[in-house]
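The block underneath contains the structure these notes are about, expressed in structure tokens.
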Amino acid sequence: MENGKKILNDFVKSKFADQNELKKALFQAGVAALDEGWTFMDATFQLGGKARDEGLSADDVEKILRNAFSEEKRRTEREAEQKAAVQAAAQPAQAPQAQAAQAQPGMAPGYAAMGPTVISPISATMMQQMIALGLDNQSLELLQNFKIDPEALSIPWPAPDWRKDFAKLLAATFKPDETVEFKISNTPSGSREIVSKIIAQDEALKKIMKQLDGPDGALLTINAVKGGADATDESWHYRYVVVDNPKMTLAKQLAYYKALNLPCAALVNTGANSVQAWIKIEAHDQEEYKERVDFLFQTLESQGFKVDDGNRNPNQMVRMPGVLRNGKQQYLIALEQGAKNFTEWREWAEYSLDGKPLVELASDSEEAPKKDVTIIENVLRAGEFFLFTAPPKSGKSLALMDMALSICHGEDWLGNTTNANDVLYINLELTKSVFLNRLFLLGEKRNLQPNTPKFGFLNLRGTALTPLEIAQLIAKRIQGAKKLENHDYKVVVIDPISAVLHNPKSSRLSGSPHQILMQMVDSIIALTGCAVVTSTNIGEYPYLESRADSVISLTPVEGSLNTYQIKGSFREFPKTLARECSWIYPRFIV
């Protein structure tokens, strides 16, 4: 292929005799741009601008460049694409930029209020869109919890008259007689001007904005530097604060802004790697401003969105839309998103972000969702609580370990079929040496690999943590394993559950031990979605038995040594008929 840079240079310098010649040259330049590492947006702006100047319509420009980027991608990934088409009804692989654009075909470049869109359960197509947007588990959880349509997270293209975005922003966020300050980045001083005079420039504003283009872009103050003639206090100085997080993808930042219903006056693409949200604080004085910003930042941080403390400054300078920053556009994404004002948002946050689930409506689901993953057929699904009860010193711990090993290998346990899944075993009683020796003994007896990577364990014997802290620790380890080690644990085994109460920190807790233990179980399920399995002596914790989704009990058969009757009672499955099983060390055998 001809040198990409030469093709791009020739296209920019050439004059074209007719539309067909121009279209062909634009397509070739688009392919060359992709080869040179340009983004789709870069190509749309730089190559598309040239083509539009030559008389090509904006629709034709976008269609040709999208085809150019897609054609190049197809050329290198055709085999993978064909394979994917056979396996699933997926969209053809495209450049990431084209995929983001595809999520919102025909996006109109306006600045209407952007409210959250309610969605039904996530479909496979939607999941593909979210993956294309670079969303992680935390983002997906936000979207699902607050029912935000992932299509609303695609970054729209700049408007055709994006050079006027500065005036549009000022008109929407300031009063005409207020004064703002703006400057080129990394310059010591800026210019001050009354808002109405900037807006009045109209078409001349385009030329003014071009003079502010540069390697570092341009900035303006988030609040006015001088109030209007009718200002009776300094509330104009404490109207907005800016939040962003350059360490997150653009789509993930938008996910937070929308899911958390932030009262955004404006959203601005910085021309780099963030979306700056102008949050309505609307404080009357410095004291109220500080209190409201503290609440905002603490709320964001509690939800996993870290904001730079430097953004607290009411005189903070932020990205000014309408200019180029190192060749990339700083432009207005939207106006008026989320709650109408800070007071409304704060009330919403206090009701909706308290860690409790939101109220859901039956009408949110068009049909019954798929049931959770089955761990043990007719016994246990992911997200359920399973209690195994037997007499003291009868081999409960070995039974739980046997069950865990069975699930890891997808082998039968007590006559019940299991489906292979990763299991996390919480050892609260044995030394590590004794624990592993038992595991290897079971593996040898059953001819199963004991050191399977699907069997994970945490040794928490002697750990001074409350039951809730243990739940949080388990959730953190499971999330870390999924993100860093490619382990997706579906089962958590706690052995023995009573041990979590036997430390000084737990003994100081008030309340019923039964309820404290159940709270820990519910917390683990809520935080991880895993099934929780544990064992107790018969009758030791009746409250746990009443709350468990599945209970299997072993009771001794009188007159028969090491023979037990096994019964099963389940919330979601039929009860099992009583059967006999034998204890043959180190296992119960049906």
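The values are calculated or read from the model by the stated rules, or taken from the named source; none is laboratory data. Given the structure is predicted, the values throughout are model-derived calculations rather than measurements. Neighbour counts run over all protein chains shown; Cβ positions are idealised from the backbone, glycine included. Calculation scope for accessible area: heavy atoms of the full protein, side chains included, ligands and nucleic acids excluded. Shrake-Rupley method; radii C 1.70, N 1.55, O 1.52, S 1.80 Å.
Numbers for the structure displayed
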read-out: Residue identified as open to solvent by 80 Å² or more (accessible area, probe 1.4 Å) and touching an Asp or Glu at 6+ places or on another chain (Cβ under 7 Å) among Arg571, Arg587; value: Arg571
read-out: Ala255, sole failed condition from (1) within 30 Å of the chain's Cα centre (by Cα); (2) open to solvent by less than 20 Å² (accessible area, probe 1.4 Å); (3) within 16 Å of Arg319 (Cβ to Cβ); value: (3)
read-out: Any pair with Cβ under 9 angstrom, 6 or more apart, that starts in segment 527-544 at a residue that is assigned by the TED database to the domain that holds Val500 and within 11 Å of Leu387 (Cβ to Cβ) and ends at one that is open to solvent by 10 Å² or more (accessible area, probe 1.4 Å) and of a type in the set (Asp, Glu); value: Val532/Glu384; Val532/Asp522; Thr536/Glu545
read-out: Residue in segment 430-444 that is over 25 Å from Asn378 (Cα atoms), within 34 Å of the chain's Cα centre (by Cα) and at pLDDT below 95 present; value: no
read-out: From the options Glu366, Glu350, residue that is more than 25 Å from Arg239 (Cβ to Cβ), not assigned by the TED database to the domain that holds Ile584 and not in a strand (DSSP E or B); value: Glu366
read-out: Residue that is farthest from Ser550 (Cα to Cα) [pool: residues in segment 407-424 that are open to solvent by less than 20 Å² (accessible area, probe 1.4 Å) and either small (Gly, Ala, Ser) or in a helix (DSSP H, G or I) (or both)]; value: Cys408
read-out: Residue, surrounded by the fewest Cβ atoms within 10 Å (Cβ to Cβ), within segment 200-235, restricted to residues that are at pLDDT 90 or above and part of a strand (DSSP E or B); value: Lys226
read-out: Verdict on Asn245 being modelled with pLDDT of 90 or more, under 24 Å from Arg346 (Cα atoms) and open to solvent by 20 Å² or more (accessible area, probe 1.4 Å); value: no
read-out: Selection from segment 7-23 of residues that are of a type in the set (Lys, Arg), surrounded by fewer than 13 Cβ atoms within 10 Å (Cβ to Cβ) and at pLDDT 85 or above; value: Lys15
read-out: Filtered residues of segment 428-454 (kept if of a type outside the set (Lys, Arg), outside any loop (DSSP other than H, G, I, E, B) and surrounded by 15 or more Cβ atoms within 10 Å (Cβ to Cβ)); value: Phe435, Leu436, Leu439, Leu441, Leu442, Gly443
read-out: Breaking point among (1) in a helix (DSSP H, G or I); (2) open to solvent by 50 Å² or more (accessible area, probe 1.4 Å), for Ala578; value: (1)
read-out: Single residue of segment 167-199 satisfying the filter (of a type in the set (Lys, Arg) and assigned to a helix (DSSP H, G or I)) that is surrounded by the most Cβ atoms within 10 Å (Cβ to Cβ); value: Lys168
